[in-house]
1. Mind listing whichever residues of region A:134-160 are farther than 17 Å from B:S12 by Cβ and among the hydroxyl-bearing types (S, T, Y)?
2. In region A:106-140, which residue that is at pLDDT 85 or above and assigned to a loop (DSSP other than H, G, I, E, B) is most open to solvent (accessible area, probe 1.4 Å)?
3. Answer yes or no: is there a residue in region A:42-58 that is aromatic (F, W, Y), facing chain B (nearest Cβ under 10 Å) and touching a residue at least 40 places away in the same chain (Cβ under 8 Å).
4. Spot the failing condition for A:K177; the list is (1) open to solvent by 30 Å² or more (accessible area, probe 1.4 Å); (2) within 9 Å of chain B (Cβ to nearest Cβ), and only one is missed.
5. Could you look through region B:1-60, keep only residues that are among the basic types (K, R) and outside any helix (DSSP H, G or I), and pick out the one that is nearest to the other protein chains (Cβ to nearest Cβ)?
Amino acid sequence: MTEERQIIENAMQGDGQAFNLLMRNWYKRIFNFAFRYLNQYDEASDITQQTFIRAYQSMHSLKEADNFRAWLYIIASNLCRQHSRRASRHPTSGLDDQDPGHIAAEPHADSPETPIFRQEWKELLQEAMTRLPEEQRIVLIMKEYEGLKFHEIATVLGQSENTVKSRMYYGLKALKKILTKWNIDREAITYEA
Amino acid sequence: MKHKPEKHQFISYLYGELSEEEKVRFEAYLRQDPQSAKEVGEMAQLLGQLDQWPDVEAPEPPVLIIPPVAEAPEVAATTEVGAKELQKPHWVMRLSQGVALIAASLALLLVVGYLTRMEMEYQAGDFRLRFGDQSSSALPDGQQAILTELQALRKEVKQSGRMVNPETVSRLTGQEIQELKMTLARLEKQMESRMPTSERVKYRHRPVVRQSLNEDQFNQLVNQISRENFRLVEQAFEAANEEQQAQLYQALNQFARHLDQIRAEDTQMVMASLEELDQKAERKFQETDQALDVLIQSVQSQPQQ
């Protein structure tokens, strides 16, 4: 039995210290997942806290310790989607609707060969990711940044594995299309040493 | 006819999840379809670039206040409620902590009470807390007796409603009355100083019947108050009357307007009916006229026998 499995089982039996340990181990992952999904630091922080509060309250409903990771992501992704829906019903700023082209188009539109440095690329990617449809974005983040297997993502989203892979396909295509629209082609992408 | 893979197979290929046979078929397809091959190449390149978005620094995880491990499993094992209780963060303190906190609060209250010479009093549903030296404001026995007598006198005056009991007044000599007046003034000052501010203000503005009034003055005062009361009652009646009249007038006005409105509506309805009747009569008249014309024409057109 692995050490983490033992901790999860202890937490399932009501061991608060074990849960604290789990939270310490998983806090950064869940926060980064929420941050990549929402692209908002404070909201991601709130979602992460809520995720662990809910996890603590319903730890007894977790049947298998092996499912803990997927189970935690289910809570986090549900909260992220709820937040996203609420935010779309009550948009707070018109700035969100701006064409992100203003970030990159000016320096690159006229000269695609200009190198895009790491920080700038990160910001562009971050912005482009928020333009993806939710169901594609969540698959991309879970697969590429959280390292979940396709069958785990399928469990989290309650979809078949093939559906998840199709969403990944369309997500990548859409991401490529957005970046191309902003004149970011592969020749332009170089990195700082 | 070339085999066209499903979208999910593109991803399976990119992540190396196709079987050997599927992989061979997929690559054969890519060789036949340069567009798809280009697409796969671009996706692979994009996937390689995604890792350029590193993790951000996460905030520190909060600390959950959780009961010690030793207590938890026993409770959880015995009852379902216990198990559920364990799932809640324990923001509520334990019983022993609560008792200790109450004891500490009481001790603090006692110390503060001692230092501030606090005095508690509960009488006839009235709970009072006093701070400071009470002995200085306590009344000497003699003054207390006079105060009691004065209060009895005041009560008697109040109860009699109109006049002071002559027997009580006749028992007091001029000197005694003078002394009483001075004592009363002093006592009142002391009483006032012991009252809360709000009570003191009310007390100072109370209607006062001064003990220095003689019977005539007292009667005069009572009469004056009676007249004043009568006048106030009269004014109140007048005001009420006026208000009632105004309300009645308003109600009558509303009723009249309502009648007017009904009459106007009735008139309008009758007029409309009359007009409709008129139109019908006109129409009938025209129809009859036309019918007669037709009849006349048909009669005229018949050959005379």
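The values are calculated or read from the model by the stated rules, or taken from the named source; none is laboratory data. Just so it is clear, the structure is predicted and the values come from calculations on it, not from any experiment. As a convention, Cβ positions derive from the backbone with ideal geometry for all residues, glycine included, and neighbour counts pool all protein chains shown. Just the protein is used for accessible areas: all its heavy atoms, side chains included, with ligands, DNA and RNA removed. Shrake-Rupley method; radii C 1.70, N 1.55, O 1.52, S 1.80 Å.
1. A:Y145, A:T155
2. Ranking the candidates gives A:R131 first.
3. Narrowing region A:42-58 to residues aromatic (F, W, Y): A:52, A:56.
With facing chain B (nearest Cβ under 10 Å) added as a condition, the list becomes A:52, A:56.
Subsequent filtering for residues that are touching a residue at least 40 places away in the same chain (Cβ under 8 Å) retains none.
Checked against the condition, which is being aromatic (F, W, Y), facing chain B (nearest Cβ under 10 Å) and touching a residue at least 40 places away in the same chain (Cβ under 8 Å), region A:42-58 yields no hits at all.
4. (2)
5. Restricting to residues being among the basic types (K, R) and outside any helix (DSSP H, G or I), the top hit is B:K4.
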